[in-house]
Structures are given as structure tokens and as C-alpha cells.
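Okay, structure first, notes after.
The values are calculated or read from the model by the stated rules, or taken from the named source; none is laboratory data. These numbers come from a predicted model, not from an experiment. No Cβ is skipped: glycine too gets one built from the backbone with ideal geometry, and neighbour counts run over all protein chains shown.
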Amino acid sequence: MKRALVTGGSGAIGGAICSALARCGMHVIVHGHGNPVRAAQLAEAIRADGGSAESVTFDVSRAAPAASALEKILEGGAVQVLVHNAGITADAPMAGMSDAQWSSVIGVSLDGFFNVARPLLLPMLRTRWGRIVAITSVAGIMGNRGQSNYAAAKAGLHGAVKSLAIEVASRGVLVNAVAPGIIASDMSRKAFAEDAIERLVPMGRAGTPEEVASVVAFLCSDEAAYVSGQVLGVNGAMA
């Protein structure tokens, strides 16, 4: 059974990804830092549905705690699927953005990818089969007012994904990014009125977490064996 780690697995999109990978027959390690209780509940729900799951808590933005947590995870064997979904927002116009707002968002999304992917890479490469998917954002493609930190972090992930894909291509490891647009969640409902979504999204609606998860599940499957170094948008034709 392949083992999959989903960072930020306690959120709406992360939870849908965890459930999708569990349905694909993987053992899912549900990561949650801001909401470890929700991560544990999701792992329990997956097990109740007949799947295999556990939960883990650590701060992806801090290299040493992440390395320690991952060392324990690797005691159970290589993690062959990594979905880096962890991310936060701290919006402000750049002229009024604080150092903490900039560094915290970069820390979770971009530094977090490095802090989690690097310790998992060599064990994954030795198995000669792996899937790494970074969940980014349409903001990393288009930019967005008040989100220079968030857009920079997500665009940086696009560069990291494309570079890493080249480095590991000969070892059966695929590396891609999925860039969602406006996805229905508590966060998006607070940020966007219904009429704003209809105006911004050509398809006239928000996407669902499950629509993102289905793309991730495909990229983590054998069927995606010739797809690597790509940024796939799930955004209702926004970009």
C-alpha cells in the first residue's frame, strides 16, 4: 500500500484530497497544524469508511520540527505521494504589508514545500515511483490585489515544481502543481460575495474541493505516468 502525506489536510481542499487518495487505496497521513483535531477526525472518518489513515501535527514552515516529524513518519517506510496543500493568507497592499505578513505566507507555502519535500525525496527515489503535487493558486498565475505575498509564494512553487520535475524524471517520480481558482469553502465565502464570483469566474460559480481533489488523484495515479512539470488550473476559465 502506497503511503501519502497531505499537508494542510485538515482544510476543505486538503480534506477532499485525503478522502480521494484513501479511496484510491493509499494509506493517508493527514497533516494539520492549525487544526490538529480536525486532522485526527478526518483520519478517523477515513478509517470508519474502510480506508487507511493516520494524522500528524507539525509546523511545515520550521525546518527542524518538520524534519523530526518526517523522520518518525519514514520509520514506517517511504512516503511515495506528497501533496503539499498547506498555505495561509495575510492580505494587505504591499505598501502597508508588514514583514511578518510577507514572511509567514512565504514560510508556509514555499519554505514549507522545501522543508517537507527534501526529507522525503531520497526514500521516494529509491522506490523508483513517486508523485509530488503542490497545491498553488490562480493568484500565482494572474496575481491579485493585496496578495503580493501569496502570489509570490504560489508562483515560486510553480518554479520549484518545474525544476524538481526535471531533476527526478529519470527515477519514476512525477512533480506537478494544481492551481485552483475560487473554491467553495468557509474562507472563500467570507472573501467573495456570490455576485462577485459570478463576475470573476466565466463559469459563473465557485469550484468544489472535490473537483480539485479529482485532479490531484489523477496526478497521483499510474494513469498520469507521462505528466510532469505541469501547472494544471482548476479555475472555471479564470486563467
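For the reader, a short list of remarks on this structure follows.
- Residue within the range 44-62 that is within 17 Å of the chain's Cα centre (by Cα), farther than 24 Å from residue 161 by Cβ, not acidic (Asp, Glu) and not in a loop (DSSP other than H, G, I, E, B) present: yes
- Pairs, first surrounded by 13 or more Cβ atoms within 10 Å (Cβ to Cβ) and at pLDDT 95 or above in the range 156-169, second of a type in the set (S, T, N, Q) and in a helix (DSSP H, G or I), C-beta under 9 Å, six or more apart: 156/109; 157/109
- Residue that is nearest to residue 12 (Cα to Cα), among those in the range 198-207 that are buried (at least 17 other Cβ atoms within 10 Å of the Cβ) and either among the aromatic types (Phe, Trp, Tyr) or out of contact with any Pro (no Cβ under 7 Å at 6 or more places or on another chain) (or both): 206
- Selection within the range 63-93 - over 24 Å from residue 218 (Cβ atoms) and either crowded, with 17+ Cβ neighbours inside 10 Å or of a type in the set (A, V, I, L, M, F, W, C) (or both): 63, 64, 66, 67, 69, 70, 73, 74, 88, 89, 90, 92
- The range 177-186, subset without any contact (Cβ under 8 Å) to a residue 60 or more places away in the chain and outside any strand (DSSP E or B), residue surrounded by the most Cβ atoms within 10 Å (Cβ to Cβ): 181
- Test result for residue 122, over 18 Å from the mean Cα position of the chain (by Cα), surrounded by fewer than 18 Cβ atoms within 10 Å (Cβ to Cβ), closer than 30 Å to residue 223 by Cβ and free of Cβ contacts under 8 Å to residues at least 24 places away in the same chain: yes
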